[in-house]
Amino acid sequence: MAALSAAGFSGVVRAPVLRWAAATLHTGSTLEAARKGTRAKAEAKKKASKKEEVKREFIPLKKRLELKQTGGVSPRRFEDHLKNPSDNVWITRFYKWKVYSVAEAVDMHRETHHPTQIGLPNALLDAVIELNMTADKKNRFVDDFYSVVRMPHDFDTTQERSVLVISKNEEVKEQAIQMGATHAAGLEIIKLAQAGEINLREYDHYLADTEILPELVAIRGLIKKKFPSVRGGTAANDVLQLLERFTKGVEYSTTKDKYHHDYATIRAPFGRLGMSNDQLEENLAALLEDVEKQRPQKKSGSLITMAMILCPPSREQFKIDHKLYDLQANPVKLATTA
């Protein structure tokens, strides 16, 4: 009423004016209550939608990408939690892999490659070897390696490699060409390589006499990691003996997993189905022993974790007990390999 008087009203206030004033006061309180309700709802909604912040361990970008690609699952097969099958038919992923002898695995491959089946009775047998590349120090791994191993029993490996023999002896060079060397040369190879008249990168392996090694240092930068050395088994007093291993032997190399650097595999042939079981077992033993010799001295434990026998084009892989051929665990060879 004081407001009405201030506006110039005096005397008796008429009914329409009172109704207008009452309506104005009622509308203002209603709008204010509506605003409060809206703000309260918005705050409640904001609190409900707000998630509790959880502190997580920092993961580098490179590691996050690896986990995204692999799902954090290692390609290595762990079977400690699995049981051995109790029947002759089972789902393999729910049970441990059955371990066969070399003879049993080869005989099963002979059945699938019989002329009435696949029709490849003399197919190539491959050994698939899984490796543990971890070193004794954390976040350290064994470097990739390759080697050429001479098998006790020769077979057609289908592997082709170019070999350069370097020697001062003319007779040695002539015999090297006859034995299958790609090229044989003497000290003239140094000037030819420096002048660019010969491309040393065309050769897979370089074999040399030990007495010529000091003079070959001039082209070491062109050969790089393939430079002949006694430790690497590419230099010796009898270079022809080395050549025989490189022309008739089996070459293998490691293949590391892209995301799990502690895991690597080797796949190399060790014989053919037409060979006897004893010959195949001796060849396989020679291959496994040579792979285990590549283990660094500072690494504890075995390098090989699993070995399987594969025979293309069949996809069947039969696991064998590789520890039988471990020189450290079993220094005495099997009777079949005597």
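Listed by first and then second residue, the pairs linking a residue in the range 314-325 that is at positive phi to a residue that is surrounded by 13 or more Cβ atoms within 10 Å (Cβ to Cβ), with Cβ atoms under 7 Å apart and 6 or more places separating them unless they lie on different chains, form an empty list.
All conditions but one from (1) closer than 24 Å to Ser302 by Cβ; (2) open to solvent by 60 Å² or more (accessible area, probe 1.4 Å); (3) without any contact (Cβ under 8 Å) to a residue 40 or more places away in the chain apply to Pro115; the one that does not is (1).
The single condition from (1) in contact (Cβ under 8 Å) with a residue 24 or more places away in the chain; (2) outside any loop (DSSP other than H, G, I, E, B) that Ala181 fails is (2). Restrict the check to the range 318-329 and report whether at least one residue is among the aromatic types (Phe, Trp, Tyr) and open to solvent by 20 Å² or more (accessible area, probe 1.4 Å). Yes, because at least one residue in the range 318-329 is among the aromatic types (Phe, Trp, Tyr) and open to solvent by 20 Å² or more (accessible area, probe 1.4 Å). Quick one: is Ser314 open to solvent by less than 40 Å² (accessible area, probe 1.4 Å), more than 20 Å from Phe145 (Cα to Cα) and polar (S, T, N, Q)? Yes.
Across the range 186-208, the number of residues qualifying as crowded, with 18+ Cβ neighbours inside 10 Å and closer than 19 Å to Glu244 by Cβ comes to 5. Of the residues making up the range 223-254, those that are open to solvent by 50 Å² or more (accessible area, probe 1.4 Å), in contact (Cβ under 8 Å) with a residue 24 or more places away in the chain and within 22 Å of Arg295 (Cβ to Cβ) are Arg245, Glu251, Ser253.
Within the range 116-153, which residues are among the charged types (D, E, K, R) and over 14 Å from Thr265 (Cα atoms)? Outline the logic, then answer.
Taking the range 116-153 first, the residues among the charged types (D, E, K, R) are 126, 130, 136-138, 140, 143-144, 150.
Of everything in the range 116-153, those that are among the charged types (D, E, K, R) and over 14 Å from Thr265 (Cα atoms) turn out to be Asp136, Lys137, Lys138, Arg140, Arg150.
Does the range 266-277 include one or more residues that are free of Cβ contacts under 8 Å to residues at least 40 places away in the same chain and either over 27 Å from the mean Cα position of the chain (by Cα) or open to solvent by 20 Å² or more (accessible area, probe 1.4 Å) (or both)? The answer is yes; a qualifying residue exists. Which is among the charged types (D, E, K, R), within 26 Å of the chain's Cα centre (by Cα) and not in a strand (DSSP E or B), of Arg110, Arg161? Just a single option satisfies the conditions, and that option is Arg161.
The values are calculated or read from the model by the stated rules, or taken from the named source; none is laboratory data. Everything quoted here is computed from the prediction, not taken from an experiment. For neighbour counting, all protein chains shown are included, and Cβ atoms are generated from backbone atoms with ideal geometry for every residue, glycine included. The protein model used for the area step is the full one, side chains on, heavy atoms only, and it has no ligands, DNA or RNA in it. Shrake-Rupley method; radii C 1.70, N 1.55, O 1.52, S 1.80 Å.
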